[in-house]
Amino acid sequence: MNQLFQAYTRACRRVVSRGRCWRSYVFDLLIVGGIPLALVFLLLGVLAFAGIPALESDGVPITGVEALMTSLIISLVGIPLLCVFVGSIAWLMHEVFKMP
């Protein structure tokens, strides 16, 4: 647990540094934001699967296997793709266009 916390704090410090490759931006963003966000979506899916309506679509609660599958897809596909997109934009801004 201590090693996970140290990896998280190192990644938080590296997110704002310069002179790194594109993959470093994406991996640090996955550690800092992607993993906690994915865990939140997985927790919401498990709660909805258990019968507690935690996810909604057009005002209708999603429960059961549909909720579990939705949260798995968001956690395993959606969040990493979001981190790749945001990490790429951050790399372009910091390294290519030299913005603060």
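General remarks:
- Low-density loop positions, chymotrypsin sites (Phe, Trp or Tyr not before Pro), segment 2-100 - DSSP coil, at most 10 other Cβ in 10 Å: 97
- Across the alpha-carbon set of the chain, the Rg to Rh ratio works out to 1.11, Rh being the Kirkwood radius.
- Neighbour-count order for 21, 12, 83, fewest beta carbons within 10 angstrom listed first: 21, 12, 83
- Gain on full stretching of the segment that runs from residue 72 to residue 86 - 0.36 nm per residue minus C-alpha separation: 3.0 nm
- Label-point separation, residue 10 to residue 52 (7 Å along Cα→Cβ), nm: 3.5
Every number in this text was worked out from the coordinates using simple rules, so none of it is lab data. Treat the numbers as computed from the prediction; the structure is a model and nothing was measured. Reconstructed Cβ throughout: ideal geometry from the backbone, glycine too, with neighbour counts over all protein chains shown.
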